[in-house]
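The values are calculated or read from the model by the stated rules, or taken from the named source; none is laboratory data. Because the structure is predicted, anything quoted here is derived from the model rather than measured. A quick note on method: Cβ atoms are made from the backbone with ideal geometry, for glycine too, and the neighbour counts reach across all protein chains shown. Areas reflect the complete protein model, heavy atoms only, side chains present, ligands, DNA and RNA absent. Shrake-Rupley method; radii C 1.70, N 1.55, O 1.52, S 1.80 Å.
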Amino acid sequence: MQVTEENKITQHPSQAGKQQQWHSLEAEEVLDKIQVSAADGLSDQEVKKRQEQYGLNIMTPKKQQSAFIRFMLQFHQPLIYILLAATVVTIFLEEYIDAIVIFAVVFINAIIGFVQESKALQAIDALSKSMTARAQVIRNGNKQNIDARELVPGDIVLVQSGDKFPADVRLVQERDMKVDESALTGESVAVEKNTEPVAADNVLGDRLCMGFSSTVVTYGQGKGVVIATGDHTEVGKIQQSIATAQDLETPLTKKIKDFSHLLLWVILGLSVVVFAIGLWRGEGIGETFMMAVALAVGAIPEGLPVAVTIMLALGVSKMASRRAIIRKLVAVETLGSTNVICSDKTGTLTENQMTVQQLWAGGKTYSANGLGYRPEGEIQENEQQVDLSTNKALALCLQAGLLCNDSTLKEKEGKWSIEGDPTEGALLVSARKAGFESKKLEQDHPRQDTIPFESEYQYMATLHKGAPALIFLKGSVEAVLERCNQVMQPDGALTAVDKEAINQQVELMAGDGLRVLAFAMAEAPEGITGIDHQDTSADLVFLGLQGMIDPPRQEAVEAVKLCQQAGIDVKMITGDHAITAAAIASQIGLNGHRENGKLVAITGKELQQIEDKQLEEVAENISVFARVSPDQKLRLVKALQARDKIVAMTGDGVNDGPALKQANIGIAMGITGTDVAKDASDMVLTDDNFSSIEGAVEEGRSVFDNLTKFIVWTLPTNLGEGLIILFAVILGTQLPVLPVQILWINMTTAVLLGLTLAFEPKEPGIMDRPPRPAGEPILTKDLVMRTLMVGAILLIASFGLYLYEKQQGATITEAQTVATTVLVVLEAFYLLSCRSLVRPVSEIGFFTNMWVYYGIAAMLFFQALFIYTPFMNTLFSSSPLDAMQVLRIFGAGLVLLIIVTVEKYFRFKSNAKQQKA
């Protein structure tokens, strides 16, 4: 049974037939009708029953084109039109075998394209499924983080700033909640939410007690009960109108599409010229038309679209294996041009296992040993364990870190992990090391209210029951210290706060690369049940500092080094203290402006004073930006782009969306990233690791390299075939290669030979060269010259041996078979050279891509069938060859390989000299 608007849950999930206007009911009434407790949520048994009744929380996918339509669209290409027209005309000319072969090639090409497109769509679907949303719920009285698809009507959902609502919910509790509902209502301003019921006939935008699926919490936090899932959510009802299909066209495929249109007119023009010359020479219309057809099919690179699709699909697959999920295929190409990476620090360049190492309370400094989330170690002073009973300030500082905390420390199979924020995790671990247990402290001081952390205020505060009730506050040193007028001493005495001394201690700790959080408290007025920012604005007692470090990932250090070698500038943009950021940046090895041997970090306050034009120079020369707000991230991206930089930007927060969209490559964090960041990104890192960015850049360069190799390999063949036909018409000789033979060459070599280049491994030094300029054409001047040279060699070898065989008394069929085989064999030899466009085969390794040899062996096998089997002789008008004829063909192939290798050597040497100069 499905949930519908008419039978959403009433008194029991199975009851149907009565429409409920959930927004018009009191929160308690909604909970009562749905039969769930806001405190305990549903039981596992009830969840299972409701999942069986209502299904998963998923939307019906947008209706895709049928397989038949997608197959027919494979014929919807300009160059294919020429081949189809040629098929029709050859039928009228009663050249039935030629017609069958031409259409068979078109049909096979369509099948290959259809299969690869289907695989690409399946891969994209699989990747989108691998990035499933998560939801925090209360079930069985406990908080759980679950796959959002498992939600059922009646689940109690918790949301906070940065989260998407995973289903439609009726809010039962909220604090300062604002929600961006623009995707649903078009309203650009975030809507303030509350829990009060509204009129039943209110439109969606006025249902202030509701949270709708896919809308984003931009401020505050709240709790709600799920009242609709999947297709029955409001956004699910209009999904078909707002869903957008994945666009597979990228700048590269667009260039190829434009090239195809240009080639279409060039081929048609040359075919008309050939037809006119033939008629002028007195040839029959049928024979002349077959010459024009031969030119057309020879010049069309039938295998190119298939090759591009396969190579891009392989590139996406390789990147996924390196933990980089490509959401937009444009990223595959753009990554090869990236010359600046702006990275967050925490969890991307570092381990994301924050560990408290220093504490300061009551004017004394303490150390905490042990690393990571395992709660083993001690709080020490001068390498002796501290007696917390004699230091009230330190004890309360640790307790504040534990109580003013929304994260959970968990152990599973001997491995400790944090569910929540890594910084809060470090505070839980440091409190455990001091002997404080979360459960006992929370029982002694139950939480009544919370002010969640917001970037605007830079702190979090909690209110706890007790005699007296206490307010604990944690946050940035600046935010906490400005609210304090007293500081606690070890014996509990309160004295006037010395802000200068505290700031000096902060600088000492941050100078060691520690992230420093400050802690404060206040006694709450009697009878208070809730707090707001006014309650924490002044007169707090400063408790102390905890300094923690998130050590650099060793693989990130190596990845940064590789990026710098590749001409990619790495910049750190973080919300951390400037000194902390600079210290970590130095450990990682970032380049940038230095003073007195230390990296210079620019803060958000300093950025505010810099005008846009001056910011361009600052953004280019400085590598560390600290205490940066989201809008300043956007300014930095724009400033770098104004200097013609191709920028990759990482982000994980809801406010990172604009910067991720503005960047040439937006990179979201798969683990810590919000849905907003992922939606705005081009690529998602499944492990939040900087080294995955470097790996994706490598793969992006490799994909483009291999595509270029294929194009450089295939175009000379089409050029050579077109020139052969053109020269045959001009000289008035019979065609050295028939149209069906040209189609045989183009399709078999493209699949069996050309596609093996897709498996070519990354070349040595791929990350030692500068990024490819974004506007650079696929074929450089050098490669165009090589294409012309190889095309000319194919013309000379094929036409030359064709004429030679005729002079030696060979039949026309034998001579045409020789000419055809020359093109196949020379393509195989040229393939060996195209494994690298600048290096000899010996340098990249003879056996690093065995697919090349398997492809050549398969091609030679099929070419032998083409030459020596009666069936193929009839189908393609071929004829058996003797050993000497075959030897001459392979000799021509060897000559081609030698010429290209020598040309490559001298060009490589010339380019090396120019680079040194």
Review point. Taking the Cα atoms of the range 599-738, what is the range of coordinates along each of the three principal axes, in descending order and whole Å?
Key: 79, 36, 26
Review point. Direction-averaged shadow area of the convex hull around the Cα atoms of the range 392-441, nm²?
Key: 3.5
Point to revise | Using a Förster distance of 45 Å, the FRET efficiency for Asp782-Glu413 (Cβ separation, nearest 0.05) | key: 0.20
Check your understanding: Going by average Cβ neighbours within 10 Å, how do the peptides 624-633, 678-687, 784-793, 383-392 rank, with the highest at the top?
Key -> 678-687, 624-633, 784-793, 383-392
**Study point:** Leading residue at positive end of dipole, the chain (Cβ point charges), from Ala67, His445, Ala493
**Key:** Ala67
Study note, to complete from the structure: Taking only the alpha carbons of the range 659-778, the radius of gyration and the largest Cα-Cα distance, Dmax, both in angstrom, are 21.9, 71
Exercise for review: Give Lys645/Lys762; Lys178/Lys499; Lys415/Lys598; Lys433/Lys633; Lys223/Lys638 a once-over and call out the pairs whose C-alpha atoms are over 28 Å from each other.
Suggested key: Lys178/Lys499; Lys415/Lys598; Lys433/Lys633; Lys223/Lys638
Check your understanding: Points 7 angstrom from Cα along the Cβ direction at Gln173 and Glu617: gap in nanometres?
Key -> 5.5
Review point. For the range 755-892, what mean projected area does the convex hull of the alpha carbons give, in nm²?
Key: 10.1
Revision key, fill the gap. Taking 886-896, 588-598 and ranking on average Cβ neighbours within 10 Å, highest first, one gets 886-896, 588-598
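Within 10 Å, count the other beta carbons around each residue, average over each peptide in 603-616, 425-438, and list them highest first.
Details: 603-616: 13.9, 425-438: 21.8.
Sorting 603-616, 425-438 by mean packing, highest first, produces 425-438, 603-616.
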Practice item. With a 1.4 Å probe and every protein chain left in place, tell me how much accessible area Cys397 has, in Å² to the nearest 10. Key: 0
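Determine the shape class of the range 544-662: with a ≥ b ≥ c the square roots of the Cα gyration tensor eigenvalues, call it rounded for a/c under 1.5, and otherwise prolate if a/b is greater than b/c, oblate otherwise.
Note, shape of the range 544-662 comes out rounded.
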Exercise for review: Quantify, in whole percent, the carbon and sulfur part of the accessible surface of the chain (1.4 Å probe; protein heavy atoms only).
Suggested key: 56
Practice item. Towards the positive end of the charge dipole of the chain, with charges on Cβ (+1 Lys, Arg; -1 Asp, Glu), say which of Ala361, Ile602, Met767 has the farthest Cα. Key: Met767
Review point. Using helices alone, what [θ] at 222 nm do you get for the chain, with -39,500 (n - 2.57) per DSSP H run of 4 or more residues, divided over all residues and rounded to the nearest 500?
Key: -15500 deg cm²/dmol
Review point. So which of Lys164/Lys345; Lys48/Lys143; Lys412/Lys474; Lys345/Lys571 end up more than 20 Å apart by C-alpha?
Key: Lys164/Lys345; Lys412/Lys474
Practice item. Report the calculated FRET efficiency for Glu383 and Arg134 (r = Cβ-Cβ distance, R0 = 45 Å), to the nearest 0.05. Key: 0.60
Study note, to complete from the structure: Computed on Cα atoms, the radius of gyration and Dmax of the range 830-881 in angstrom are 15.4, 44
Review point. Mind checking the alpha-carbon convex hull of the chain and giving the volume per residue in Å³?
Key: 209
Revision key, fill the gap. Given a 1.4 Å probe, the accessible area of the chain per residue, as a whole number of Å², is 43
Practice item. Taking 7 Å along the Cα-to-C-beta vector as the label spot, tell me the Val557-Ile69 distance in nanometres, rounded to one decimal. Key: 5.6
Check your understanding: Helix 499-511: angle to the longest alpha-carbon principal axis of the chain, degrees 0 to 90, nearest 10?
Key -> 30
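Using alpha-carbon pairs under 8 Å, 6+ residues apart, how would you state the relative contact order of the chain in percent?
11
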Review point. Where does helix 392-403 land angle-wise versus the long Cα axis of the chain, in degrees 0 to 90, nearest 10?
Key: 50
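Expected output is a single nm value to one decimal: the length gained when fully extending between Val902 and Glu287, i.e. 0.36 nm times separation in residues minus the C-alpha distance. What is it?
On the way: separation 615, 0.36 × 615 = 221.40 nm, distance 4.09 nm.
Additional length available on full extension: 217.3 nm.
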Study note, to complete from the structure: Counting only DSSP beta bridges fully inside the chain, the antiparallel percentage to nearest 5 is 75
Exercise for review: Starting from the Cα-Cα distance between Lys439 and Leu84, subtract it from 0.36 nm times their residue separation and give me the gain in nm to one decimal.
Suggested key: 120.2 nm
